[in-house]
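What follows is one structure encoded as structure tokens, with my remarks underneath.
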Amino acid sequence: MPHEEKGEANMIRISHRLRGAAKTRAGKIVLWVFAGIGTATVVAIAALALTFTPAKLELPDVAIGDLPAASPPAGLSISALPTGTYDSPAALTYRGGAWSETRHLAATALLVRHPKGNLLIDTGFGRNVDEHITLIPPMQRTPQTKGVPAVDQLAAGGIHPGDIAAIIPTHSHWDHVSGIDDFPGVPVMETAAGRRWIASKAEGTEVINSLGAINYTLYDFDGGSYLGFPRSHDVFGDGSVVIVPAPAHTPDSVIVFVSLPSGVRYALIGDLVFQMEGIDIPAEKPWMLRWLIGENNMAVHEDIALVRAIREKFPQIHPLPAHDSRSFGAIPVFPASAR
Ligand SMILES: [Zn+2]
């Protein structure tokens with residue numbers, strides 16, 4: 001039998017068999033199951049697509065109290081150390097973002113110079129970032145543009161690892177801690193809860209757990225409530241750098257408030273939102289991202305509500321999402337600084 005005829009005969013045989021099967025009870029069940037799977041797939045795709053459509057986030061009511069006192073010394077300043085960017089469709093950074101628009105997400109460390117010690121808040125991409133990227137799940141790898149690691153930018157400006165008093169990660173995801181091993185021995189400030197999360201080797205902690213011995217310095221939220229956050233830690237005791245717990249994006253996430261001598265303040269909100277639209281609209285991250293990261297949705301909503309309330313009541317406080325390149329425009333690039 002020629003090949004085509006053979007194929008046709010097979011098709012006829014299969015369709016006869018299907019029809020025959022449909023006449024039996026078992027056959028009917030099989031057909032219904034297939035129809036059910038087909039419908040479920042269409043519904044699932046439609047539901048997933050819906051999670052990327054614009055939707056204004058409903059937020060809880062929050063109270064933030066008075067502006068906390070701060071007496072930053074005249075020598076306090078802040079500088080940006082941009083270490084590179086990675087690309088993402090806007091659609092993956094906040095719900096309602098366009099698939100056609102590419103956002104260049106910042107991987108920027110911040111240097112806070114204080115007479116009592118210099119702090120690095122997040123590290124951006126370190127010298128070994130290529131190796132670190134191989135440790136994260138392939139789905140999370142996106143095109144990168146690498147710049148100069150923070151350690152080398154600082155060295156060019158005369159600041160060496162030994163001149164850094166401590167590193168404060170906003171959380172332990174790879175893009176915030178990749179540079180830690182460029183600063184061997186420099187204390188990394190972490191809470192006991194954060195340390196436990198890292199030690200649990202949870203997804204998202206692959207890179208921090210791959211770094212050599214880290215000199216963790218544990219701190220407590222030993223201070224009172226701060227702008228609606230239940231507890232706080234005042235790093236220098238003068239209100240210039242205050243850390244509050246924000247276990248929403250990850251269990252170890254914190255927000256760092258920096259108050260400059262000029263009266264300008266920054267709320268370094270880490271990855272509470274990936275882009276400013278998360279605060280402005282307000283908009284949550286697309287469901288798929290939240291699910292992959294394992295975020296605490298209720299806590300995210302609460303913290304977004306707090307950040308919005310803070311900005312509205314105290315316009316001198318500027319929220320700064322760690323990956324929003326536009327927001328960093330206000331902070332001079334090292335060795336320049338804002339006071
Ligand atoms: Zn991040």
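Here are the numbers for this structure:
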{"item": "Matching option when the condition is in a loop (DSSP other than H, G, I, E, B), under 25 Å from residue 293 (Cβ atoms) and touching a residue at least 60 places away in the same chain (Cβ under 8 Å), among 68, 60", "result": "60"}
{"item": "Set 223, 270, 294: member being more than 22 Å from residue 154 (Cα to Cα) and modelled with pLDDT of 95 or more", "result": "223"}
{"item": "Those residues of region 186-220 which are modelled with pLDDT of 95 or more, open to solvent by less than 60 Å² (accessible area, probe 1.4 Å) and under 30 Å from residue 69 (Cα atoms), in sequence order", "result": "186, 187, 188, 189, 190, 216, 217, 219"}
{"item": "Near pairs, Cβ below 6 angstrom, 6+ apart or cross-chain, from region 154-165 (within 15 Å of residue 127 (Cβ to Cβ) and in the same structural domain as residue 114 (by TED's automatic domain parsing)) to any residue that is open to solvent by less than 40 Å² (accessible area, probe 1.4 Å) and at pLDDT 95 or above", "result": "161/183; 161/186"}
{"item": "Where a residue in region 225-248 is buried (at least 18 other Cβ atoms within 10 Å of the Cβ) and its partner, wherever it lies, is of a type in the set (D, E, K, R) and assigned to a strand (DSSP E or B), with Cβ under 7 Å and at least six apart", "result": "242/234"}
{"item": "Output for region 273-283, where each listed residue is in a loop (DSSP other than H, G, I, E, B) and either under 16 Å from residue 64 (Cα atoms) or more than 16 Å from the ligand (Cβ to nearest atom) (or both)", "result": "281, 282, 283"}
{"item": "Identity of the residue in region 297-325, assigned to a loop (DSSP other than H, G, I, E, B) and within 16 Å of the ligand (Cβ to nearest atom), that ends up most open to solvent (accessible area, probe 1.4 Å)", "result": "325"}
{"item": "Qualifying residue in region 157-166 (condition: within 16 Å of the ligand (Cβ to nearest atom), in a helix (DSSP H, G or I) and among the acidic types (Asp, Glu))", "result": "no"}
{"item": "Selection from region 76-101 of residues that are touching a strand residue (DSSP E or B) at 6+ places or on another chain (Cβ under 9 Å), in a loop (DSSP other than H, G, I, E, B) and surrounded by fewer than 20 Cβ atoms within 10 Å (Cβ to Cβ)", "result": "98, 99, 100, 101"}
{"item": "Pair list, Cβ < 6 Å and 6+ apart or interchain, from region 95-109 residues that are farther than 23 Å from residue 84 by Cβ and away from the ligand (no atom under 16 Å from the Cβ) to residues that are open to solvent by less than 10 Å² (accessible area, probe 1.4 Å) and of a type outside the set (A, V, I, L, M, F, W, C)", "result": "95/286"}
{"item": "Qualifying residue in region 64-86 (condition: within 16 Å of the ligand (Cβ to nearest atom) and at pLDDT below 95)", "result": "yes"}
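The values are calculated or read from the model by the stated rules, or taken from the named source; none is laboratory data. For clarity, every value in this text was computed on a predicted model and none was experimentally measured. Ideal geometry is used to build each Cβ from the backbone, glycine not excepted, and the neighbour counts take in all protein chains shown. Heavy atoms of the whole protein, side chains included, go into the accessibility calculation; ligands, DNA and RNA do not. Shrake-Rupley method; radii C 1.70, N 1.55, O 1.52, S 1.80 Å.
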